Amino acid sequence: MTRIDDTPTAWDERTQLTTFLDYTRDTVRAKCDGVSAENARKAILPGSPLMTMSGLINHLRWVEYYWFQVVFLGEEDQGPWTDEDPDREMRIGVGFPLPQLLDEYAEQSARYRELVAENGLDTKAKGTVRNGLHVDLRWILLHLTEETARHNGHLDILREMLDGTTGD
């Protein structure tokens, strides 16, 4: 598994934040490199029946959608989740080929990269988080880096359990 370098090209705050988010996104793709279609859909953790590689990729895609489009831009939530099925994005992820999910995630990441470039880090979100606060773009970038990095750990465990592949 190969990834891009996590060392930013410049040392300003924006470059550091976006470099680390891109690094974690690229690590997601690296952890999926070469996984079989069958393994991408397998739920192998007894206590986590929704934890599949495909489900995690779909989850990450929809998490970015939520934070950028719903919270930051204030758009109406059109995500796949419902009150009755709050983890639906993970459940339906197995219905899509992994390469398609990864391509859609990459395309979406490129659009959000442009959105971030067009806005200041101090720009407040139009939507609110659970406690009613309007977080700024900086917070969203930090949160998405944390979320993506955490799920990279899940992908790493799944991949090793599925086919023995390990990596950084």
Among Arg130, Arg41, Arg29: highest mean-square fluctuation, GNM of the chain, C-alpha pairs under 10 Å: Arg130
His134-Ser36 pseudo-label distance in nm [points 7 Å out on the Cα-to-Cβ vector]: 5.2 nm
Amide hydrogen neighbours beyond the local backbone of Asp136, cut-off 5 Å, H modeled: Ala125
Relative contact order (%) - region 97-168, alpha-carbon pairs under 8 angstrom, separation at least six: 16 percent
Per residue accessible area in Å² of the chain, where ligands, DNA and RNA are left out and the probe is 1.4 Å: 52 Å²
Helical segments meeting 27 Å axial Cα length and Kyte-Doolittle -1.0 threshold in the chain (DSSP H): 13-32, 98-117, 137-163
Sequence-distant lysines (8 or more away, or on other chains) whose Cα lies within less than 25 Å of Lys42: Lys31
Contour excess over end-to-end distance, with Cα ends at Glu104 and Ala43 and 0.36 nm allotted per residue: 19.8 nm
Listed residues Val28, Gln16, Met51: farthest to the positive end of the dipole of region 7-68 (Cβ charges): Met51
Backbone N within region 91-105 under 15 Å of label point (7 Å from Glu75 Cα along the Cβ vector): 105
Ranked packing of 57-68, 109-120, most packed first, by mean Cβ within 10 Å: 57-68, 109-120
Contact order relative to length of the chain, as percent, for alpha carbon pairs under 8 angstrom and 6 or more apart: 29 percent
Heavy-atom accessible surface of the chain: percent carbon and sulfur, 1.4 Å: 52 percent
His143/Leu50 FRET efficiency (R0 35 Å; Cβ-Cβ; nearest 0.05): 0.95
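The values are calculated or read from the model by the stated rules, or taken from the named source; none is laboratory data. Because the structure is predicted, anything quoted here is derived from the model rather than measured. Neighbour counts are summed over all protein chains in view; Cβ atoms, including those assigned to glycine, are modelled from backbone coordinates with ideal geometry. Just so you know, the surface numbers come from the protein's heavy atoms only, side chains and all, with ligands and any DNA or RNA stripped out. Shrake-Rupley method; radii C 1.70, N 1.55, O 1.52, S 1.80 Å.
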